[in-house]
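What follows draws every value from the coordinates through simple rules; no lab data is involved. Keep in mind that this is a model prediction, so the values were computed, not measured. Cβ placement follows ideal geometry from the backbone for every residue including glycine, while neighbour counts extend to all protein chains displayed.
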Amino acid sequence: MELNQRNIAVENFQRGLNTGIAELILLSVVSQSKQPMYGYQIAKIIEKENQAIPVIKLGTLYPFLRSLEKSGFLESRMDPSVTGPPRRYYQITELGRQTMERLVEAWNRTKTFTDNILMGVEYDK
């Protein structure tokens, strides 16, 4: 039972991390492209980079993209496809770039703080 509880704790921790950084990852991927990207392109980049820890699964990618668009961080357009259904192409907005910069700052502060605590840095010297 103890091993199962430990596995559940790790899964819950990873799920919380994934949810927290998904916006940053998506904004970063879309911002690095010179052209608008459709969901499957974004998914392939994320999949290639994160095979060991699936941060964003395909089933949650599209709700995240819609949420980012609703927040004004991404904009999209539908284009017909010769080989299949129409594709929705996403690109980052200026608000999305500014937000991504703030998210990167928050990530770096959080990472530094966490690394310091895990390495045993004493703050009350």
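Things to note:
- Applied to segment 18-28, the Karplus parametrisation 6.51 cos²θ - 1.76 cosθ + 1.60 on θ = phi - 60° returns per-residue 3J(HN,Hα) values of 4, 4, x, 9, 4, 4, 4, 5, 5, 4, 5 Hz, with x for Gly and Pro.
- The long axis of helix 39-49 is offset from the longest Cα principal axis of the chain by roughly 30 degrees.
- Residue order, fewest to most beta carbons within 10 Å, for PHE73, PHE64: PHE64, PHE73
- In the chain, the longest principal axis of the Cα atoms and the axis of helix 58-70 are about 80 degrees apart.
- Dipole size of the chain about its Cα centre, with +1 on Lys/Arg Cβ and -1 on Asp/Glu Cβ: approximately 420 debye, rounded to the nearest 20.
- Taking the number of Cβ atoms within 10 Å of each Cβ as an exposure proxy, the fewest-first ranking of MET119, MET78, MET100, MET37 is MET119, MET78, MET100, MET37.
- Within segment 21-80, the trypsin sites (Lys or Arg not before Pro) that combine a DSSP coil assignment with at most 16 other C-beta atoms in a 10 angstrom radius are LYS34, LYS57.
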